[in-house]
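Peer 1: This structure is in C-alpha cells; I'll ask about it shortly.
Just so you know, all these numbers are worked out from the coordinates, no wet-lab data involved. Computed from a predicted model, the values in this text were never measured in an experiment. Quick reminder, even Gly has a Cβ in these numbers, built from the backbone with ideal geometry, and neighbours come from all protein chains shown.
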Amino acid sequence: MSGFSGRRAIVTGAAGGIGSAVIAALTNAGVTVAGLDLDTPALSETERSLGIKMHKITVDLSSVDDTRRAVGAACESLGGSADVIVNAAGVYELAPALKVEQSDWDLNQNINLRSSFFVAQTAIACRSDDSVPMSIVNVSSTGALRSGTGDAALSYGASKAGLLGLTISMATEWADRNVRANCVIPGVIDTSMVRIMDDPAAGQAWLDQRVPMKRLGRPEEVAKVVCFLASDDASYVTGASLVVDGGYLCA
Ligand SMILES: NC(=O)c1ccc[n+]([C@@H]2O[C@H](COP(=O)([O-])OP(=O)(O)OC[C@H]3O[C@@H](n4cnc5c(N)ncnc54)[C@H](O)[C@@H]3O)[C@@H](O)[C@H]2O)c1
C-alpha cells in the first residue's frame, strides 16, 4: 500500500476484533495510531497482544461532547491532525421489531451512526493543511442490506444503512477538503460481536447454507480492505462501499 509511511490515524473500536486488526495492519505499514475505545483495560491488552504502541484514548462515543474531546486529544497526542479515520466502534443491540424501545434504538444509532459523523467532523476541524489527503473509512454491515442471521437486528440494520448514506454525503461534502470517504460492508466476521458460533454445529450449518465460502470472515480480511481504501492506492475511490462477506449478499 502506498502513501502510509509517516501518516497518522484515529481508529475507534480499537479494542474490538476488527478495530484491533486494522490497528495491527496500519502500524505495520508505518502509520502512527490513536486508538479510541470505551474499554480502557482492553485497550492496554490490545496493545500488549499485538506487540505494538498506540496512543490509547478512552471515550464514550454515545456522548457527542466526549467524542469531540477524545478526537481533539487524539490529534494532540498524535502531534497533528489525523490523515486516516476508521470508524470501527459498534454495538449490536438486539430487540424484536415490535419490542424495540427508545434505548435500543438510540444506542445503535448513536454509536454505529452518529458517532461516526462526529468523529470525522471533529477530525476535519483539527486539520490546518488540506494538501495532505485524508481518508475516512466507515465500517457498515451486510445488516444494512439484508436482514441476516435471524437476530432481532432491525435497529442495528437501520444504523448501518444510515452509515452508507452518511458515507456518500461525507464524500460529496468534503471532497474539496481533499478528503475521501468510503465504507466497508463486512458479512459475518469472527469477533466477540458474533454469536452464531455459540452453538458450533448450528453456526456451521447456517454458514454452509447462507455463505458461499462456508466460513466466517477473519478480522484481518476486513482490515486489509480498510487499509486499501485508506491508502493512496485508492486515491480516486470515494463514496464507495466494498463488501467483504464471503459471498453472503450474493446467495
Ligand atoms: N463481527 C461482525 O460480524 C461484523 C459484521 C459487520 C459489521 N461489523 C461492525 O464492525 C465494527 C467492529 O465490530 P467487531 O466485530 O470488531 O466487534 P467488537 O465488539 O469486537 O468491537 C466493537 C468495539 O466497539 C467498542 N465500543 C462499543 N461501544 C462503545 C462506546 N460507547 N464508546 C466507545 N467504544 C465503544 C467496544 O468496546 C469494542 O471494543 C462494528 O461497527 C460492527 O458493527 C461487525
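Peer 1: Return the residues of region 181-200 that are without any contact (Cβ under 8 Å) to a residue 60 or more places away in the chain and surrounded by fewer than 23 Cβ atoms within 10 Å (Cβ to Cβ); say none if nothing qualifies.
Peer 2: At the first step, the residues of region 181-200 found to be without any contact (Cβ under 8 Å) to a residue 60 or more places away in the chain are 183, 194-200.
VAL194, ARG195, ILE196, MET197, ASP198, ASP199, PRO200 - these are the residues of region 181-200 that are without any contact (Cβ under 8 Å) to a residue 60 or more places away in the chain and surrounded by fewer than 23 Cβ atoms within 10 Å (Cβ to Cβ).
Peer 1: Can you tell me which residue is farthest from the chain's Cα centre (by Cα) among those in region 117-141 that are touching a residue at least 60 places away in the same chain (Cβ under 8 Å) and buried (at least 21 other Cβ atoms within 10 Å of the Cβ)?
Peer 2: The extreme case among them is ALA123.
Peer 1: To continue, here is another question. Restricting the first residue to region 25-36 and requiring it to be touching a residue at least 60 places away in the same chain (Cβ under 8 Å), which pairs with a second residue that is of a type in the set (Lys, Arg) meet a Cβ separation below 7 Å and a spacing of at least six or different chains?
Peer 2: Going by the 7 Å Cβ cut-off, the qualifying pairs are ALA25/LYS224.
Peer 1: Since MET213 meets every condition but one in (1) of a type outside the set (D, E, K, R); (2) outside any loop (DSSP other than H, G, I, E, B); (3) farther than 23 Å from SER135 by Cβ, which condition does it not meet?
Peer 2: (2)
Peer 1: Which residue pairs have Cβ atoms closer than 8 Å, lie 6 or more positions apart in sequence or on different chains, and pair a first residue in region 63-92 that is aromatic (Phe, Trp, Tyr) with a second residue that is outside any helix (DSSP H, G or I)?
Peer 2: TYR92/ASP151; TYR92/ALA153; TYR92/MET193
Peer 1: May I pose another question? Residues of region 100-120 being of a type in the set (S, T, N, Q) and within 13 Å of the ligand (Cβ to nearest atom), which ones? Let's see the steps before the verdict.
Peer 2: To start, the set of residues in region 100-120 that are of a type in the set (S, T, N, Q) comprises 102-103, 108-110, 112, 115-116.
Once the filter is applied, which keeps residues that are of a type in the set (S, T, N, Q) and within 13 Å of the ligand (Cβ to nearest atom), region 100-120 yields ASN108, GLN109, ASN110, ASN112, SER115, SER116.
Peer 1: From the list ALA21, ALA89, ALA42, ALA97, exactly one residue is in contact with a Leu (Cβ under 7 Å, 6 or more places away or on another chain), among the small types (Gly, Ala, Ser) and within 13 Å of the ligand (Cβ to nearest atom). Which is it? Full working, then the answer.
Peer 2: Working: ALA21 fails: in contact with a Leu (Cβ under 7 Å, 6 or more places away or on another chain); ALA42 fails: in contact with a Leu (Cβ under 7 Å, 6 or more places away or on another chain); ALA97 fails: within 13 Å of the ligand (Cβ to nearest atom).
Unique residue meeting the criteria: ALA89.
Peer 1: Now a separate question. What pairs can you find where one residue is in region 220-235 and more than 15 Å from ASN87 (Cα to Cα), the other is within 12 Å of the ligand (Cβ to nearest atom) and in a helix (DSSP H, G or I), and their Cβ atoms are less than 7 Å apart, with a gap of 6+ or different chains?
Peer 2: Note: pairs meeting the criteria are GLU220/ALA21.
Peer 1: Kindly establish whether GLY203 is without any contact (Cβ under 8 Å) to a residue 40 or more places away in the chain and not aromatic (Phe, Trp, Tyr).
Peer 2: yes
Peer 1: Can you tell me which condition SER5 does not meet? The list is (1) part of a helix (DSSP H, G or I); (2) surrounded by fewer than 16 Cβ atoms within 10 Å (Cβ to Cβ), and all the others hold.
Peer 2: SER5 satisfies all of (1) part of a helix (DSSP H, G or I); (2) surrounded by fewer than 16 Cβ atoms within 10 Å (Cβ to Cβ) except (1).
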